[in-house]
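Colleague: Just dropping this structure here.
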DNA sequence: GGGAATATTCCC
DNA sequence: GGGAATATTCCC
């Protein structure tokens, strides 16, 4: 039946929101728990059959067979069967691909036997107005350690942000113009109202 | 089999991105197409069996049986079986619930027989700062004829302008907050003024 | 690898 | 109903 494949709601999602992940977070992101679960599940398979497993040191994991992994395992834990979407999430949470010829990923806080570390892993934040980390404005030394191209990239990003800010400023100014006009009208109304209440009655 | 329930990729998703939905858009959002499809599919059912259908005038639609709709129809078109998520999407696209005792929804541009209108429906915008990532081509030349130091100077100037723009933006936002508060007060005054034919004449 | 749009979930 | 976080998709 079709609905079978829709994963049951994950219980730990509820709690995590209320607490907020900022300082003392209890619940790992669902993506991390599920990925960890999925590795635990595979631990029970014999080595020969493993689609995915922890690496030798337990410091990362390897997807041995991406095709099977995507078709069989992903839908059991996620709402899709696309390897690329899984990779996208890994990147979002700061995992690194640490081998060139196989799909091995690692994250400092994602280790075999250390489920409790998961809650220390955070999403990379998407901050619309902030600088990318490598463009930290306080980093005045940028010019020393960077190539012309890198500085120029930084410059272009600033230019882009600049355009956005100007547009936003314009929009805000339009809003203000609107409010000013409104204020004038309201004051007119009020004045009329105060000046001539007598006549009608 | 589990993977059966994962909807096949929808072909019209590809095109819509490239074009951009701003002014002359060709492709409706997947959510809209799918919802329309789902209604078309039900058109073939006899009236007695309908889980969902267009309303009498074709100006909206009614989910007659939310339970069955969620369990049976949603998973065929979406990656979930939650009625509330469907509702959330309807709200995102500006649909209105137009009956109190049944699940009837309406949107000006969502009408029976008018699939072409779908592409005029837009998401309500959540827009912190949106500007398509363009790379300024004319500015690319700067890198050829300039030294690292010169580019960096340009960069620093932009950074400065940027800071200023942010400050200005903040100030404008404060002005707007001020106007909003003022508007509330004026409206209160006006209301009082109108309600109480003061001056006791 | 990551930006950004859309989808889904959760919460108020 | 909608804000906001997370998930999924698409594209560069």
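Colleague: Can you tell me which of (1) closer than 30 Å to residue B:157 by Cα; (2) more than 7 Å from chain B (Cβ to nearest Cβ); (3) modelled with pLDDT of 75 or more is the one residue A:173 doesn't meet?
Modeller: Here residue A:173 clears every test but (2).
Colleague: Could you check, for region B:13-34, whether at least one of its residues is within 18 Å of residue B:93 (Cα to Cα), away from DNA strand D (no atom under 16 Å from the Cβ), modelled with pLDDT of 90 or more and away from chain A (no Cβ under 14 Å)?
Modeller: no
Colleague: To continue, here is another question. When the residues of region B:83-127 are narrowed to those that are near DNA strand D (Cβ under 10 Å from one of its atoms), within 14 Å of chain A (Cβ to nearest Cβ) and not in a loop (DSSP other than H, G, I, E, B), which ends up modelled with the highest pLDDT?
Modeller: Per the stated criteria, the residue is B:85.
Colleague: For residues in region A:179-201 being modelled with pLDDT of 80 or more and farther than 18 Å from residue B:191 by Cβ, which is nearest to the other protein chains (Cβ to nearest Cβ)?
Modeller: Per the stated criteria, the residue is A:179.
Colleague: So which of A:164, A:141 is more than 7 Å from chain B (Cβ to nearest Cβ) and at pLDDT below 70?
Modeller: A:141
The values are calculated or read from the model by the stated rules, or taken from the named source; none is laboratory data. For clarity, every value in this text was computed on a predicted model and none was experimentally measured. Heads up, the Cβs are rebuilt from the backbone with ideal geometry, glycines too, and the neighbour counts pull from every protein chain shown.
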